[in-house]
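Peer 1: Pasting a structure below so you can have a look.
Each value in this text was obtained by applying a stated rule to the coordinates, not by laboratory testing. Note that the structure is predicted; figures quoted are calculated from it, not measured. Note that we place each Cβ from the backbone using ideal geometry, even for glycine, and neighbour counts take in every protein chain shown.
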Amino acid sequence: MAALFLGMNANAAHMDMVDVSNNNGYMSTAEYVSMRNEFGVKAITVKISEGGTYKDPYAASNIANVQAAGLYINGYHFARYATKAQAIAEADFAGKTAKAAGLPIGAVLATDVEAEEQNNQSKAANDVNNKAFMQEIQKFGYRADIYTSGSWANNKMTIKGKTGWIAAYPYVVSGKNWYSTNHAWQWSSTAKFRISYCGFDVSQLNSNYYTAGQKSTVKPTNKGAVKANNKEANKNASKPYTAAKWVKEAKAYTLKTAVKLRTGASTSSNAITILPAGTTVKTDQAIIQGGYRWVRQPRFNGYGYLATGPASNTLEYVKSGATHTYYTVKSGDSWWTIAQRNGLSMTTLASQNGKTIYTTIYPGQRLVVR
């Protein structure tokens with residue numbers, strides 16, 4: 001079966017690199033072999049950590065299984081820093097976490113800059129903080145890079161030369177061509193392979209930066225951590241996609257109380273955030289799992305899951321029929337930035353407005369965001 005790509009034909013760009021995280025659940029060696037053999041994937045970039053305390057629970061098993069599948073391996077850290085000191089501290093945390101998980105020396109450990117903490121900073125401040133992180137991460141023997149959107153690369157930081165793994169849809173943002181001028185260009189955030197129902201980020205490599213200095217086939221490292229991680233992954237059953245049947249349910253709910261948004265449909269899954277009472281959540285699927293009724297929220301980097309109540313008393317925490325919330329497009333906005341601010345995928349944002357991600361949007365235009 002061919003891969004399904006939402007919003008772009010599969011032949012439109014190279015499927016050189018895929019990034020994975022806890023949002024994708026447990027990924028086996030066989031799944032990575034399928035990506036390599038059937039779709040030409042060369043490299044996998046694994047989420048290692050976030051902020052100063054969060055360790056991705058699947059980092060060790062992902063790293064080992066990617067290596068066992070004969071693919072190049074790299075990592076990324078989801079940045080939460082707002083000062084130089086915080087950037088250095090997060091780099092130290094990411095470096096130690098990567099080493100413990102078995103990320104090989106010489107791999108790239110990129111900083112993923114897309115959070116509200118950086119959005120609140122000036123371009124100059126972000127440049128200082130990103131430089132501090134990248135300098136510090138090199139002390140652990142890893143090579144540095146920046147992962148961000150084309151819009152942010154234009155407006156929130158300085159990207160020089162070939163530096164950067166840039167997500168841009170379409171590839172020209174604010175007059176800048178992000179298609180071929182940087183290490184990597186992420187051209188889809190919703191790729192679906194036959195091995196999984198999850199959406200994946202896929203990128204085209206424009207240089208050998210994410211493969212340099214590595215052998216594509218190496219023995220997995222840190223087998224003890226991998227064994228423990230695999231055991232925990234199976235126990236938690238945090239990958240709900242094969243555990244039960246999801247049904248389509250495109251609805252908007254308003255929370256009556258604060259609810260945890262999780263990485264999977266399980267109370268043992270990690271919390272992405274706590275949604276306060278009054279938050280409107282748009283969902284696309286629902287399921288009864290673990291004694292609870294769960295709904296799935298499309299987000300800019302995957303999905304979030306929240307329990308709407310016990311299976312015997314559904315919708316305890318939410319009410320349906322919420323009115324729409326609108327956003328007025330401003331100069332410099334793109335489908336990416338608007339979707340990112342509102343916890344949506346670009347395709348979801350575009351489709352709920354009767355458009356595609358290739359439709360041009362203009363300042364002053366009103367879009368439904370919730």
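Peer 1: If amide H atoms are built 1.01 Å from N in the plane of the peptide, which residues on other chains or at least 5 residues away come under 5 Å of the amide H of residue 357?
Peer 2: HN-HN under 5 Å from residue 357: empty list.
Peer 1: Let me ask something additional. By per-residue mean of other Cβ atoms within 10 Å, what is the highest-first order of 177-184, 43-50, 122-129?
Peer 2: The packing order, highest mean first, is 43-50, 177-184, 122-129.
Peer 1: On a C-alpha basis, how far is the centre of segment 54-69 from the centre of segment 140-155 in Å? Whole number, if you could?
Peer 2: 22 Å
Peer 1: If you don't mind, another one. If I model a spin label at residue 115 and residue 155 as a point 7 Å from the Cα along the Cα→Cβ vector, what separation in nanometres do I get?
Peer 2: My value for the distance between the label points is 2.1 nm.
Peer 1: Taking θ as phi - 60°, what are the ³J(HN,Hα) couplings along segment 59-66 by the Karplus curve (6.51, -1.76, 1.60), each to the nearest whole Hz, with x for Gly and Pro?
Peer 2: With the stated coefficients, segment 59-66 comes to 4, 5, 5, 4, 4, 5, 6, 5 Hz.
Peer 1: Using modelled backbone amide H atoms (1.01 Å from N, in-plane), which distant-in-sequence or interchain residues come within less than 5 Å of residue 112's amide H?
Peer 2: Amide H neighbours of residue 112, under 5 Å, 5+ apart: 77, 78, 79, 147.
Peer 1: Then there's this: Show me, for segment 68-77, the HN-Hα J-couplings you get by feeding each phi into the Karplus relation (A = 6.51, B = -1.76, C = 1.60, θ = phi - 60°), rounded to Hz, glycine and proline as x.
Peer 2: 5, 7, x, 10, 5, 10, 9, x, 9, 10
Peer 1: Taking every DSSP beta bridge with both residues inside segment 39-91, roughly what % is antiparallel (nearest 5)? Mind showing how you got there, number by number?
Peer 2: Numbers: 2 of 9 bridges.
Close to 20 percent.
Peer 1: Efficiency by 1/(1 + (r/R0)^6): what FRET value for residue 274 and residue 208, r their Cβ-Cβ distance, R0 = 41 Å, to the nearest 0.05?
Peer 2: Rounded to the nearest 0.05, the efficiency is 0.45.
Peer 1: Which FRET efficiency value, to the nearest 0.05, do you get for residue 135 and residue 249 by plugging their Cβ-Cβ distance into 1/(1 + (r/R0)^6) with R0 = 45 Å?
Peer 2: Between residue 135 and residue 249 the formula returns 0.45.
Peer 1: Using a ≥ b ≥ c from the Cα gyration tensor of segment 254-295 (square roots of the eigenvalues), is it rounded, prolate or oblate, where a/c under 1.5 gives rounded and otherwise the larger of a/b and b/c decides, a/b for prolate?
Peer 2: oblate
Peer 1: On to the next question. Nearest 0.05, what FRET efficiency do residue 127 and residue 38 give at R0 = 51 Å with Cβ-Cβ as r?
Peer 2: Once the sixth-power term is evaluated, E becomes 0.80.
Peer 1: From the square roots a ≥ b ≥ c of the eigenvalues of the alpha-carbon gyration tensor of segment 1-156, which class results: rounded (a/c under 1.5), prolate (a/b over b/c), or oblate? The partial results should precede the final answer.
Peer 2: Values: a/c = 2.25, a/b = 1.42, b/c = 1.58.
Note, shape of segment 1-156 comes out oblate.
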